[in-house]
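All remarks here apply to the structure that follows.
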Amino acid sequence: MVKESFTPTVPAGPPKEATGEEIDLDGELAPGDRAGEYLILGTIASGGCGTVYTAEHRVLGRKAAVKVLHSQLATSPEMVERFVREARVVNRIRHLNIVDIYEFGELDDKRPYFVMELLEGTSLASIVERRGRLTPAQALGYLEPVCDALRAAHAAGVVHRDLKASNVAVVKEGDPPRVKLLDFGIAKLVRTAPGERGLTAVGQRIGTPYAMAPEQIRGGAIDTRVDIYALGVLLYQLLTGRYPFISGDPVEMERLHVESPPPRPSAMAPVSPEIDSVVLRCMEKDASRRYPDVGAFADALRAAVKGGPTAGAEGKRGVAIYVEVRISGEQDEALLANLVPLLDETELALRQAGYALYLQTGSALLGVKALPQDAGAARVERKAALDLARRILEPLRAPGADPRLKLAVQVHADLAQMRGAEVIGGPLVDIESWARGGDAELIATDAAREGLEV
């Protein structure tokens with residue numbers, strides 16, 4: 001289990017939202033309490049069905065994570081059986097990229113617990129939240145060990161059923177990164193041992209709504225291909241920084257997954273048609289049209305990345321306009337009502353000037369455009385970019401503008417990776433390398449102003 005910046009998911013069964021009951025957290029362990037030979041040091045996280053603690057072996061001094069079923073749920077034979085089975089499932093698989101479980105036991109009050117490895121690091125969800133969308137190569141680097149873990153799980157007759165970025169622990173960055181797949185609390189056994197029974201009947205729906213395959217939502221029979229669907233959702237999220245389907249209404253979310261065609265990631269990020277094809281095949285409504293297994297998915301993704309968006313690309317200079325909204329004071333409906341049209345008008349101005357949106361979030365836009373090869377024509381284009389940046393700021397200087405809304409507009413020129421007229425990467429779109437903070441409304445880098453009288 002990962003501590004520090006990672007907040008683990010600890011369902012081990014249906015969350016409290018699914019049961020309609022509030023979980024009673026009485027009986028939580030305190031520092032100094034014991035779980036077998038382990039002394040409790042503190043709490044990592046508490047979820048719908050259990051709490052995870054940091055602990056230390058009282059003799060060996062080994063640090064570990066201890067997961068304990070909530071006392072309210074310990075009276076349910078089915079919940080206890082689910083909890084026990086999670087530990088058995090993980091030990092059945094035993095893989096380098098799956099969190100390891102050391103031992104199992106009962107507290108003095110008969111609540112079950114198990115002890116697992118304590119992982120330093122963060123979650124893949126936190127990485128996406130912090131860095132935004134990833135390149136296809138970066139996404140592949142994180143997903144390859146996840147695929148290795150899923151391949152081992154499927155070979156052992158286990159379907160994860162809850163694959164998502166928050167259940168992928170990135171223990172160590174690097175090439176390749178060290179990754180662990182977590183949380184087999186709602187995993188399904190598609191092959192059971194003699195005397196072992198499944199805990200999910202046809203008609204039950206278990207999973208995370210934004211990543212559930214249509215057959216999960218319908219409560220139908222499932223197999224390993226629900227994990228293939230979730231891989232497609234996860235890949236889309238890594239490439240675009242958002243989920244393929246978004247809705248505040250759970251029923252509408254389910255309808256989108258069941259009925260709507262999956263969106264192409266290339267509509268939100270500079271990825272190749274080959275990458276699009278991988279995502280779309282994973283997210284086929286008909287499970288028989290998805291990749292037959294995790295290995296086939298991994299092979300297709302590797303091939304798509306190898307011939308991905310930089311294939312056939314060339315380096316050219318371009319100009320970028322980065323617009324960031326900065327809000328001061330209290331946020332209310334009136335402010336949000338002003339923010340949306342401001343971003344819409346900015347987007348329209350960029351597009352009308354021939355800029356393609358490389359980045360678009362709820363508070364920022366990055367428009368990019370190739371520069372002509374002729375030095376004189378390139379100067380004219382950079383001058384036009386500065387003029388456009390000034391016009392973008394004009395609405396906030398008009399009488400009646402909301403003083404809490406500020407725009408920071410920055411202009412830069414640099415080398416870009418181009419495919420035709422499309423900017424698909426390079427230093428120009430590496431915002432962190434040239435965009436600055438501060439209170440200035442308009443900033444033009446030296447490269448943007450070179451040879452101009454401004």
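The values are calculated or read from the model by the stated rules, or taken from the named source; none is laboratory data. Note that this is a predicted model, so its numbers are computed, not measured. All Cβ positions, even for glycine, are placed from backbone atoms using ideal geometry, and neighbour counts span all protein chains on display.
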*Might you let me know whether the range 22-34 holds any residue that is in contact with a strand residue (DSSP E or B) (Cβ under 7 Å, 6 or more places away or on another chain) and of a type in the set (Val, Ile, Thr)?*
no
*Taking Gly42 as the residue in question, decide whether it is modelled with pLDDT of 90 or more and either assigned by TED's automatic domain parsing to the domain that holds Leu29 or exposed (fewer than 15 other Cβ atoms within 10 Å of the Cβ) (or both).*
yes
*How many of the residues in the range 49-91 are surrounded by 21 or more Cβ atoms within 10 Å (Cβ to Cβ) and not in a strand (DSSP E or B)?*
11
_the range 340-382 - residue that is touching a Leu at 6+ places or on another chain (Cβ under 9 Å) and acidic (Asp, Glu) and, of those, modelled with the lowest pLDDT_ = Glu347
*Restricting attention to the range 394-403, does a residue exist that is basic (Lys, Arg) and touching a residue at least 12 places away in the same chain (Cβ under 8 Å)?*
no
*Quick one: would you say Leu396 is assigned to a strand (DSSP E or B) and over 27 Å from the mean Cα position of the chain (by Cα)?*
no
*Answer with yes or no whether Gly426 is surrounded by fewer than 15 Cβ atoms within 10 Å (Cβ to Cβ), outside the structural domain of Ser272 (by TED's automatic domain parsing), on the phi > 0 side of the Ramachandran plot and not basic (Lys, Arg).*
no
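Every residue, every condition in (1) touching a residue at least 12 places away in the same chain (Cβ under 8 Å); (2) within 21 Å of Leu452 (Cβ to Cβ); (3) under 33 Å from the mean Cα position of the chain (by Cα), yes or no:
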residue	(1), (2), (3)
Gln352	no, no, yes
Ala356	yes, no, yes
Gly367	yes, yes, yes
Gly376	no, yes, no
Leu405	yes, no, yes
Asp414	yes, yes, yes
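Check Leu96, Leu134 and return the single one that is touching a Gly at 6+ places or on another chain (Cβ under 9 Å) and assigned to a loop (DSSP other than H, G, I, E, B).
Numbers: Leu96 fails: touching a Gly at 6+ places or on another chain (Cβ under 9 Å).
One residue alone meets the criteria, Leu134.
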*Note down all Cβ pairs under 6 Å where the first residue falls in the range 272-288 and is not assigned by TED's automatic domain parsing to the domain that holds Ser260, the second is buried (at least 19 other Cβ atoms within 10 Å of the Cβ) and in a helix (DSSP H, G or I), and they're at least six residues apart or on different chains.*
none
*Subset tally (residues that are free of Cβ contacts under 8 Å to residues at least 24 places away in the same chain and more than 22 Å from Arg133 (Cβ to Cβ)) for the range 249-258*: 4
